Amino acid sequence: MIRLVVVCLVGVSAVSGCQNYMVGSDGRTIGELTDDRGIHAIVKVRLIKEADILARRINVDVHKGVVTLYGRVRSESERRRAKDVVVGVKGVSKVEDRLLVRP
């Protein structure tokens, strides 16, 4: 009987431990980290595909679905276009625009 209880407790601990496993100190689970990396890749590819956006001047950071754009753009229209591209990506919950307009 005690053996069964111990096995059950170990099993429950293992399952709950996996669900709550946090990566690093930023409070993301492995699933959230994987989602963020996927979003990052899609955002960068879509920015690169846009002819009117110099994607190499735009850095992208993703944390729990929140995308932060920072870097330099040539115009206000390029800034708006970059933000519009990101908003259309599945999994993006919010876009923080820290882009500077510098021709």
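With respect to residue 54, determine if the residue is surrounded by 14 or more Cβ atoms within 10 Å (Cβ to Cβ), in contact (Cβ under 8 Å) with a residue 40 or more places away in the chain and out of contact with any Asp or Glu (no Cβ under 7 Å at 6 or more places or on another chain).
It is false that residue 54 is surrounded by 14 or more Cβ atoms within 10 Å (Cβ to Cβ), in contact (Cβ under 8 Å) with a residue 40 or more places away in the chain and out of contact with any Asp or Glu (no Cβ under 7 Å at 6 or more places or on another chain).
Here are some residues: 26, 61, 84, 35. Which one is modelled with pLDDT of 95 or more and touching a helix residue (DSSP H, G or I) at 6+ places or on another chain (Cβ under 9 Å)?
61
Six or more apart or on different chains, Cβ atoms under 7 Å: show the pairs whose first residue is in segment 83-96 and in contact (Cβ under 8 Å) with a residue 24 or more places away in the chain and hydroxyl-bearing (Ser, Thr, Tyr) and whose second is surrounded by 14 or more Cβ atoms within 10 Å (Cβ to Cβ) and assigned to a loop (DSSP other than H, G, I, E, B).
From residues that are in contact (Cβ under 8 Å) with a residue 24 or more places away in the chain and hydroxyl-bearing (Ser, Thr, Tyr), the pairs are 93/65.
Considering only segment 69-101, state which residues are more than 16 Å from the chain's Cα centre (by Cα) and β-branched (Val, Ile, Thr).
73, 101
The values are calculated or read from the model by the stated rules, or taken from the named source; none is laboratory data. It should be emphasised that the depicted structure is a prediction, and the values quoted were computed from it without experimental measurement. Virtual Cβ from ideal backbone geometry, glycine too; neighbours counted across all protein chains shown.
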